[in-house]
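One structure below.
Every number in this text was worked out from the coordinates using simple rules, so none of it is lab data. Keep in mind the model is a prediction, meaning the values are calculated, not measured. FYI the Cβ positions are ideal-geometry reconstructions off the backbone, even for glycines, and counts take in every protein chain you see.
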Amino acid sequence: MSIQWFPGHMTRARRQIEEKLKLIDVVFELLDARIPQSSRNPMVDEITGTKPRLVLLNKADLADPDATAEWSRYFRSKGLATHALDANAGTGVKEIAGKAKELLKEKIERQINKGMKPRPIRALIVGIPNVGKSTLINRLAGRNIALTGDRPGVTKGQQWIRFGGELELLDTPGILWPKFDDPVAGFRLAATGAIKEDVIHIDEVACFVLKVLVEQYGSALGERYGLEDLPQELPDMQAAVDVLEKIGRRRGCIVSGGHVDYEKAATLLLRDLRSGKLGRMTLEGPDLTE
Ligand code: G4P
């Protein structure tokens with residue numbers, strides 16, 4: 001899915017989420033565990049306001065587990081509860097209800113003290129396109145839900161999905177826009193497939209990715225493509241192009257005249273990265289200076 005976001009779309013998306021917030025107790029903010037900062041909507045704090053929030057690091061099956069642990073610590077240090085999962089396989093999904101309950105513990109206790117029977121916790125999933133919102137909703141529902149899409153008048157046509165006896169989820173997620181004014185975030189989003197390559201050129205994305213991979217995951221990269229003596233770092237674009245060229249040669253991405261087809265090599269590299277064939281990799285660490 002490739003959504004072009006314009007100011008009108010952003011205002012509408014924001015308004016739709018604000019409407020939905022009135023119906024729920026807790027927000028599940030879905031992020032991509034490989035790029036938790038870049039897959040975060042820049043205005044999410046403002047939009048979700050004071051609603052209790054659980055940060056869900058999805059696609060954790062593709063992310064570096066050490067980096068995911070570091071990100072979890074980072075979010076906790078910012079006062080946000082967090083949980084890592086793989087919505088595709090369902091790993092970590094059943095723990096979500098318990099995490100939400102923990103977040104709302106005081107509210108639930110107050111209800112019990114007043115002699116009220118606590119009703120199921122009502123939740124809304126929010127996140128940028130392609131982060132796994134529909135996959136998670138379908139997982140929690142235990143079936144494929146035909147998502148109705150967002151329409152004005154949000155309470156109409158929406159349904160609650162029951163998960164166990166304790167959690168109810170709105171069947172339409174809140175769709176947020178990605179960070180498109182930060183070029184580095186743009187590359188990271190494109191590398192994971194959240195932004196389509198018609199927006200950013202695939203060769204450039206591959207070169208950006210190679211810089212991270214060489215510096216962070218050099219041995220896995222070398223092993224996958226049979227590359228020996230990879231440098232420790234790639235100081236400039238030309239150094240990245242050189243590595244892409246080597247990958248292209250190794251994998252037979254050659255055009256007439258014996259030249260490397262960079263686009264083909266870039267496609268191959270990104271496909272391997274996105275499918276996890278290169279191993280579990282995270283493309284950014286928390287900015288501890290924030
Ligand atoms: P969205 O509603 O937020 O837009 O995202 P959606 O659920 O459609 O998921 C986008 C893609 O991400 C899907 O792949 C889906 O299978 C994959 N995905 C979701 N959660 C996980 C996860 O935890 N781990 C992994 N590995 N993949 C996950 P797709 O149908 O192949 O789409 P695309 O990648 O071709 O766009």
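With everything on Cα atoms, drop me the angle between helix 202-225 and the longest principal axis of the chain, reported from 0 to 90° to the nearest 10. Approximately 80 degrees, to the nearest 10.
Of the residues Gly186, Asn41, Gln158, the one whose Cα sits farthest toward the positive end of the charge dipole of the chain, with +1 on the Cβ of Lys and Arg and -1 on the Cβ of Asp and Glu, is Gln158.
Give me Rg over Rh for the chain, both radii from the alpha carbons and Rh done the Kirkwood way, two decimal places. Let's see the in-between values first.
Numbers: Rg = 21.0 Å, Rh = 20.5 Å.
Rounded to two decimals, Rg over Rh is 1.03.
For a quick check, take a GNM of the chain with Cα springs below 10 Å and name the residue from Ala33, Ala100, Ala239 with the largest mean-square fluctuation. With Cα springs under 10 Å in the chain, the top fluctuation among Ala33, Ala100, Ala239 is at Ala239.
Report D for the stretch 201-275 in µm² per second (integer): Stokes-Einstein, Kirkwood Rh on Cα pairs, 37 °C, 0.692 mPa s. Let's see the in-between values first.
Details: Rh = 12.1 Å.
Rounded to a whole number, D works out at 271 µm²/s.
How large is Rg/Rh for the stretch 42-85, to two decimals, with Cα atoms and a Kirkwood Rh?
Details: Rg = 11.3 Å, Rh = 11.2 Å.
Rounded to two decimals, Rg/Rh equals 1.01.
Going by the alpha-carbon gyration tensor, a ≥ b ≥ c the square roots of its eigenvalues, is the stretch 7-175 rounded (a/c under 1.5) or, if a/c is not under 1.5, prolate (a/b greater than b/c) versus oblate? Walk me through the numbers before you get to the answer.
Numbers: a/c = 1.33, a/b = 1.08, b/c = 1.23.
Cα axes put the stretch 7-175 in the rounded bin.
From most to least packed by mean Cβ count within 10 Å, the peptides 214-220, 114-120 give 214-220, 114-120. Restricting the GluC sites (Glu not before Pro) of the stretch 53-144 to loop positions (DSSP other than H, G, I, E, B) with no more than 14 neighbouring Cβ atoms within 10 Å leaves Glu95. Residue by residue, the stretch 187-195 carries 3J(HN,Hα) couplings of 5, 5, 5, 5, 4, 8, x, 6, 10 Hz when phi is fed to the Karplus relation 6.51 cos²θ - 1.76 cosθ + 1.60 (θ = phi - 60°); x denotes Gly or Pro.
Give the angle, between 0 and 90 degrees and rounded to the nearest 10, that separates the Cα long axis of helix 262-275 from the longest principal axis of the Cα atoms of the chain. Approximately 40 degrees, to the nearest ten. Couplings for the stretch 112-123, taken from phi via the Karplus curve 6.51 cos²θ - 1.76 cosθ + 1.60 with θ = phi - 60°, read 5, 4, 7, x, 8, 8, x, 8, x, 6, 9, 10 Hz in order; Gly and Pro are left as x. If you take the Cα centroid of the stretch 225-249 and the Cα centroid of the stretch 1-76, the two points sit 34 Å apart. Against the main long axis of the alpha-carbon atoms of the chain, helix 7-21 sits at an angle near 40°.
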